[in-house]
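Structure, as structure tokens:
Derivation of every value follows stated rules applied to the coordinates shown; laboratory data play no part. Please read these numbers as outputs of a predicted model, since none were measured by experiment. Note that we place each Cβ from the backbone using ideal geometry, even for glycine, and neighbour counts take in every protein chain shown.
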Amino acid sequence: MARTSTEFTQAERNAFEAFFVKNHLVIDGAVGHKNGEILADFIANKMNSDITAETLAAAVKVVKGLVFKTAAQREFDTAISGMSEAEKSVVSKWLERQKQLVLDGDPGFENFSIIVGWLRARNYPISEQNLNMSLTNVINNSCQRSLHWKAAPAHEGGYGRHSGKKFDSKNEPEEERLYVGGRLNHSHNPGYAPKPKETSTSADEARWRQMAENLRANTHSRTAEIQKIMRPTWRETFEARNKALS
């Protein structure tokens, strides 16, 4: 059947959108635009037909170069479906503070789905406190899947025999030197407060520290109180601070 219009109609646009969603074709951005161009050109010019569910189904079997959503993108779509704009905003702001979590690409989609999915599976509301709880439980293996983390930054050495750097402290007053007698001079920093000991320089310990320092309460004063909570390790510190927020 020949085309009935020289212009694309609203009905055709609606058919496009419904077909893309149902068949997991990328619809957004430059990739989605290219998908639309490929199919529209084939149906309108090669098939000389209107764009309908039937002609789209026939065209997608023939044309090349279409981009479909990955499994991670489809899972993300499921996780985010039904969320209000307010809930999306809460998750977005919370994720921005998770400096160690990968947020881009398929790993980012999977992280979102794992954390939000943990809450939805238990009918917990979306809130900053519950997102912290979800993260803790996922890390502690109450979920069978692992999160994707950024690679730990390379260690930057300071002064030392093999560092290639030189340091001359003989002309500095003792109270102004960062190190005195081979030990850190805490008087150099009047605001010094003991931190939890580092049990290792592993990426895991760095992540626990990042998560502990990213915890926030509803007010600045309450957040300041939470940040004062310290335990022997950063993991214990995170768990204690997170419990105090409950």
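Some points to look at:
- Gyration tensor verdict on the range 41-98 (Cα atoms; rounded if a/c is under 1.5, prolate if a/b is larger than b/c, oblate otherwise): prolate
- When the C-alpha to C-alpha distance is required to be over 32 Å, the pairs from 88/228; 22/243; 64/93; 88/150; 22/99; 69/93 that qualify are 22/243; 64/93; 22/99.
- Cα-based Rg / Dmax (Å) for the range 10-60: 9.9, 27
- Within the range 4-95, GluC sites (Glu not before Pro) in DSSP loop having at most 16 other beta-carbon neighbours inside 10 Å: 7
- Whole-number Å³ per residue for the convex hull built on Cα positions in the range 1-144: 135 Å³
- Each semi-axis of the equivalent ellipsoid for the range 71-139 is √(5λ) with λ an eigenvalue of the Cα gyration tensor; in descending order they amount to 16, 14, 12 Å.
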